[in-house]
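K.L.:
My structure is below; once you've seen it, I'll send some questions.
The values are calculated or read from the model by the stated rules, or taken from the named source; none is laboratory data. Just so it is clear, the structure is predicted and the values come from calculations on it, not from any experiment. All Cβ positions, glycine included, derive from the backbone under ideal geometry; neighbour counts span all protein chains shown.
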Amino acid sequence: MRIRNAGSLVVLVAGLALVMSCASTDMGITAKVKAKLAADDVVKASQIEVQTASGVVTLTGNVDSEGAKTRALELARDTEGAVNVVDMIAARGASGNGNAPDPDRTVGEAVDDAGITISVKGRLLDDPLVKGLKIDVDTRDGVVFLTGAVGSDEERQKAIQLARDAKGVRDVQANLTLHKT
C-alpha cells in the first residue's frame, strides 16, 4: 500500500511541476491573461486579442471605454510571468460602461457609423491583396477601428487606405498585427 501511495505522490508532484513550468511559458502567460480578462466585470474579453512572445504580452483590440482599456492593461501587467505589456488597444470612447447607448449620439449618427462599417468591410473583402475576413471593422463617430491580422506591411497599408477612402470616414485607427502566413 505504501508503494502505491509513493507512486501517486510522484505522479502528483510531476503533474504539479508540469503545470508550474507551463504557467511561465508564453502560452501559459497568454492563458492566464485571457482568464483574468474573462473574469473581470469591466473588460469584455471578446474585444481583446492576447499574444505573448518571450514574456512580452501584446493586447490588441477595440474596447468601449478608457476605463476598460486601463483595466485590461493593469490585469496583463499584474500577471505572473509577464515581462512587459504592449498596448495596441483603442478605446472607442463610449460613455458609461459601454453596455448602454451613448445618449449624446443621434440615431442618424449611429446609422451613419453602421453604413461606414459596411462600406469599409465591403472594400476590404473586395480587395485581392487584403484578407478582409481577418480584419474586424468598427466605426465610432466616423472613426474606423481596424483590428486583426495581416500578412505584410503592404496589406496593412492597403487596408488603412481602403478604409480612409470610404465615404464619411474622419479617421482610421489601425490595430493590425503582422502575422506571416
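K.L.:
Looking for something at pLDDT 55 or above, farther than 25 Å from Lys134 by Cβ, in the same structural domain as Thr79 (by TED's automatic domain parsing) and part of a helix (DSSP H, G or I) - is there at least one such residue anywhere in segment 39-49? Give the derivation first.
P.N.:
Quick first cut of segment 39-49, residues at pLDDT 55 or above only: 39-49.
After this cut, where a residue has to be farther than 25 Å from Lys134 by Cβ as well, the list is 39-42.
Applying the additional criterion that residues be in the same structural domain as Thr79 (by TED's automatic domain parsing) yields 39-42.
Restricting the remaining residues to those that are part of a helix (DSSP H, G or I) gives 39.
Yes.
K.L.:
In segment 17-34, what count of residues is obtained for those that are modelled with pLDDT of 90 or more and aliphatic (A, V, I, L, M)?
P.N.:
The total comes to 4.
K.L.:
For the condition buried (at least 20 other Cβ atoms within 10 Å of the Cβ), within 24 Å of Asp64 (Cα to Cα), touching a helix residue (DSSP H, G or I) at 6+ places or on another chain (Cβ under 8 Å) and polar (S, T, N, Q), what is the one hit in Thr147, Thr139? Break it down stepwise before answering.
P.N.:
Values: Thr147 fails: touching a helix residue (DSSP H, G or I) at 6+ places or on another chain (Cβ under 8 Å).
Matching residue, one of Thr147, Thr139: Thr139.
A quick yes/no check of all residues on (1) part of a helix (DSSP H, G or I); (2) under 21 Å from the mean Cα position of the chain (by Cα):
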| site | (1), (2) |
| --- | --- |
| Ser119 | yes, no |
| Arg123 | yes, no |
| Pro128 | no, no |
| Asp138 | no, yes |
| Val144 | no, yes |
| Thr147 | no, yes |
| Ile160 | yes, yes |
| Ala174 | no, yes |
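K.L.:
Has segment 92-105 got any residue that is at pLDDT below 90 and touching a strand residue (DSSP E or B) at 6+ places or on another chain (Cβ under 6 Å)?
P.N.:
Yes - at least one qualifying residue is present in segment 92-105.
K.L.:
Before we move on, is Lys167 surrounded by 14 or more Cβ atoms within 10 Å (Cβ to Cβ) and modelled with pLDDT of 85 or more? Give the steps one after another, and end with the answer.
P.N.:
Values: surrounded by 14 or more Cβ atoms within 10 Å (Cβ to Cβ): no; modelled with pLDDT of 85 or more: yes.
Judged against the criteria, Lys167 is not a match.
K.L.:
Right, next: From Gln173, Gln157, grab the single residue that is in contact (Cβ under 8 Å) with a residue 60 or more places away in the chain and either touching a His at 6+ places or on another chain (Cβ under 9 Å) or outside the structural domain of Val50 (by TED's automatic domain parsing) (or both).
P.N.:
Numbers: Gln157 fails: in contact (Cβ under 8 Å) with a residue 60 or more places away in the chain.
Of the residues listed, the single one that is in contact (Cβ under 8 Å) with a residue 60 or more places away in the chain and either touching a His at 6+ places or on another chain (Cβ under 9 Å) or outside the structural domain of Val50 (by TED's automatic domain parsing) (or both) is Gln173.
K.L.:
Something else: For Gly7, indicate whether it is at positive phi and modelled with pLDDT under 80. Walk me through how you get there before you give the answer.
P.N.:
Numbers: at positive phi: no; modelled with pLDDT under 80: yes.
The answer is no for Gly7.
K.L.:
Further question: Give me the pairs, please: first residue somewhere in segment 73-100 and outside any helix (DSSP H, G or I), second residue anywhere and small (Gly, Ala, Ser) and at pLDDT below 85, beta-carbon distance under 6 Å, and either six or more positions apart or on two chains.
P.N.:
Here the result reads Gly81/Ser24; Ile89/Gly61, each pair linking segment 73-100 to a residue that is small (Gly, Ala, Ser) and at pLDDT below 85.
K.L.:
Here are the criteria: (1) crowded, with 18+ Cβ neighbours inside 10 Å; (2) among the β-branched types (Val, Ile, Thr); (3) modelled with pLDDT under 85. Tell me which single one Val120 does not satisfy.
P.N.:
Here Val120 meets the rest and fails (3).
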